[in-house]
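**Q** Could you have a look at this structure, given as structure tokens, before my questions?
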Number of protein chains: 2
Amino acid sequence: MTEAQLNELTKQVDDMIYPYFPKEEGPQKRIFESMNYSFEAGGKRIRPMLMMESFLLLGGSEDDTDIIAPFMAAMEMVHTYSLIHDDLPAVDDDDFRRGKPTNHKKFGETTAIFAGDAMLNYAFETMLDDTIKEADDVWKAKKLRAMQVLARNAGAYGMLAGQMVDYLCENKKDVTLEDIMFIHEKKTAALIQAPLVMGAIFAGAPEEKIARMEQAGYLIGLSFQIQDDILDCVGNEEKLGKKTGSDARKEKSTYVTIKGLKEAKEDQVRMSHEARGLILSMATGPSLLPEIVEILISRES
Amino acid sequence: MTEAQLNELTKQVDDMIYPYFPKEEGPQKRIFESMNYSFEAGGKRIRPMLMMESFLLLGGSEDDTDIIAPFMAAMEMVHTYSLIHDDLPAVDDDDFRRGKPTNHKKFGETTAIFAGDAMLNYAFETMLDDTIKEADDVWKAKKLRAMQVLARNAGAYGMLAGQMVDYLCENKKDVTLEDIMFIHEKKTAALIQAPLVMGAIFAGAPEEKIARMEQAGYLIGLSFQIQDDILDCVGNEEKLGKKTGSDARKEKSTYVTIKGLKEAKEDQVRMSHEARGLILSMATGPSLLPEIVEILISRES
């Protein structure tokens with residue numbers, strides 16, 4: 001998949017999810033401006049893209065993608081709220097994201113807290129409004145279940161569990177591989193699994209395929225993060241001419257610092273291979289999912 | 001209604017909602033401890049109480065109250081998350097709530113942000129898990145709609161709109177009565193309307209009664225807040241021997257500072273009277289709702 005094709009797909013997803021942005025009006029206009037500021041600063045829209053392509057891969061019809069558009073938008077809202085709160089001074093304290101001032105730098109901390117809360121809440125409003133309007137009983141049941149998947153994967157048993165443990169590990173002396181795996185699984189993989197599983201549910205896939213999609217999401221998330229640890233280590237090694245990454249300098253334990261570079265690379269290759277295999281084994285419709293997955297697991301920077 | 005009777009009812013509600021607290025386990029245990037700390041620090045459980053009593057007032061059966069228990073718990077979770085985030089240094093910066101250290105004072109700011117997010121998310125998880133398990137189609141439809149009401153009233157068109165405008169008004173020179181009304185309606189009334197309306201939906205009330213319950217909630221919320229402004233003004237007048245409340249000293253505009261004490265009192269009496277009338281006009285089953293409403297609108301401290 002070329003850069004141009006990916007951009008084209010991002011544009012297509014943008015066109016599908018933009019109608020679900022809140023209108024900037026009312027006395028509370030500023031909260032909508034703050035929400036949309038971060039929503040519009042979005043990157044490749046990978047998560048809604050994964051949902052759509054999982055749906056298509058498992059036999060969902062191109063004509064039906066507009067039915068799942070509100071859920072694609074909600075998926076991106078959940079991701080966006082997590083970034084707004086992650087950037088806060090009390091969390092990662094980041095001033096810039098994708099070259100633009102972070103939400104609290106632009107709107108102030110109070111508004112950023114409210115906007116994040118509002119964005120998470122709005123994801124559910126968007127899905128509920130759509131589900132209640134849904135006239136088809138089969139689709140209604142699918143939408144209810146998809147909402148449950150997103151809620152679970154975003155909450156204290158999903159993404160937030162990963163954020164919590166990641167934070168706890170910052171002040172922990174003996175971080176274990178188990179800790180790192182938990183953080184990667186929850187903080188990263190959970191929100192990759194969610195869209196893949198939701199797409200599978202929407203496609204009406206059998207339970208066995210839904211489970212395989214969930215496993216694929218787990219492997220993709222893990223591969224992505226291990227690759228991140230590897231690139232950080234190698235990048236710094238090359239740049240600094242010695243065997244140390246920025247994580248190592250900060251004395252932060254990573255998959256690489258615990259298992260060593262060689263074994264980390266082997267694990268990453270094995271997991272990506274398995275993820276690829278799972279995805280390809282399920283294909284029943286034309287979809288760009290294998291190529292998007294390839295981008296996620298094979299990136300070199 | 002005596003203090004003892006109210007405490008008894010609070011205990012009954014506590015017993016109904018406690019089973020929906022998250023278990024404190026897993027590597028992310030600390031986020032659950034933080035959530036439960038604030039959940040357990042709860043007061044009278046007025047909002048879930050309003051839901052149950054609205055349900056009973058409109059003919060819901062005492063035997064069916066366990067069916068709505070997960071929604072009563074979710075209602076309290078939404079309220080609790082809003083308190084955790086409200087107390088944060090970047091919002092109201094409060095160190096104590098109900099005599100105990102606020103969440104961020106006890107668990108740190110990072111965890112408090114995560115715990116608030118997790119609590120909002122968990123409210124939806126709780127409602128969705130229950131709705132999906134619901135075998136009765138009529139109840140399922142009611143639950144879906146109740147979820148929508150809570151989502152709407154908690155979000156950027158409800159409570160968060162009020163919080164946003166309240167914050168904006170702190171730095172606004174000419175705060176109008178319209179601003180104050182908007183803040184009271186959204187920040188306070190929205191989460192009183194939500195349980196009343198949800199209870200009415202669960203009781204299977206006709207649309208006209210659901211609308212009347214919504215209007216009653218609006219009036220109760222407004223009365224409550226105007227009474228708050230009055231008590232603050234009068235209390236300080238008595239204490240300080242001069243006509244100024246703590247809000248006035250902080251140069252904060254309130255319903256009283258804009259309309260004057262006399263007219264504010266008249267409005268409060270008129271609104272409470274109307275709210276009482278609406279509630280009583282709807283009663284078709286035995287319920288403590290009129291007495292709980294009385295407590296909310298007639299408090300003297």
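The values are calculated or read from the model by the stated rules, or taken from the named source; none is laboratory data. Quick caveat, the model's predicted, so the values are computed rather than measured. Cβ sites come from the backbone with ideal geometry, for glycine too, and all protein chains shown count toward neighbours.
**Q** Please count how many residues of the range A:137-169 are assigned to a helix (DSSP H, G or I), more than 7 Å from every other protein chain (Cβ to nearest Cβ) and small (Gly, Ala, Ser).
**A** Matching residues across the range A:137-169 total 3.
**Q** Return the residues of the range B:6-32 that are loosely packed, with under 12 Cβ neighbours inside 10 Å, under 22 Å from B:Ile297 (Cα atoms) and in contact (Cβ under 8 Å) with a residue 40 or more places away in the chain; say none if nothing qualifies.
**A** none
**Q** Report, by residue number, each residue of the range B:33-73 that is within 14 Å of another protein chain (Cβ to nearest Cβ) and without any contact (Cβ under 8 Å) to a residue 60 or more places away in the chain.
**A** Selection gives B:Asn36 alone.
**Q** Still on this model: May I ask you to list the residues in the range B:266-289 that are closer than 18 Å to B:Gln227 by Cα and touching a residue at least 40 places away in the same chain (Cβ under 8 Å)?
**A** Passing the criteria: B:Asp267, B:Gln268, B:Met271, B:Ser272, B:Glu274, B:Ala275.
**Q** Separate question: Could you give me the residue pairs with C-beta distances under 9 Å whose first residue belongs to the range A:159-184 and is of a type in the set (Ser, Thr, Tyr), whose second residue is at pLDDT below 95 wherever it lies, and which are 6+ apart or on separate chains?
**A** Note: pairs meeting the criteria are A:Thr176/A:Ser253; A:Thr176/A:Ile258.
**Q** B:Met52 versus (1) crowded, with 23+ Cβ neighbours inside 10 Å; (2) on the phi > 0 side of the Ramachandran plot: which is the lone unmet condition?
**A** Of everything listed in (1) crowded, with 23+ Cβ neighbours inside 10 Å; (2) on the phi > 0 side of the Ramachandran plot, B:Met52 misses just condition (2).
**Q** Wholly within the range B:43-111, which helices (runs of 4 or more DSSP H) include no fewer than the required count, namely at least 2 residues that are polar (S, T, N, Q)?
**A** In the range B:43-111, the matching helices (runs of 4 or more DSSP H) lie at B:65-87.
**Q** Return the residue satisfying two criteria in turn: it lies in the range B:116-136 and is more than 7 Å from every other protein chain (Cβ to nearest Cβ) and farther than 19 Å from B:Arg47 by Cβ, and of such residues it is surrounded by the most Cβ atoms within 10 Å (Cβ to Cβ).
**A** B:Glu134
**Q** Turning to a different aspect of this structure: Would you be able to tell me the number of residues in the range A:103-154 that are touching a residue at least 60 places away in the same chain (Cβ under 8 Å), of a type in the set (A, V, I, L, M) and closer than 25 Å to B:Gly162 by Cα?
**A** 4
**Q** Please specify each residue of the range B:14-32 satisfying the condition of being acidic (Asp, Glu) and within 13 Å of another protein chain (Cβ to nearest Cβ).
**A** Matches in the range B:14-32: B:Glu24, B:Glu25.
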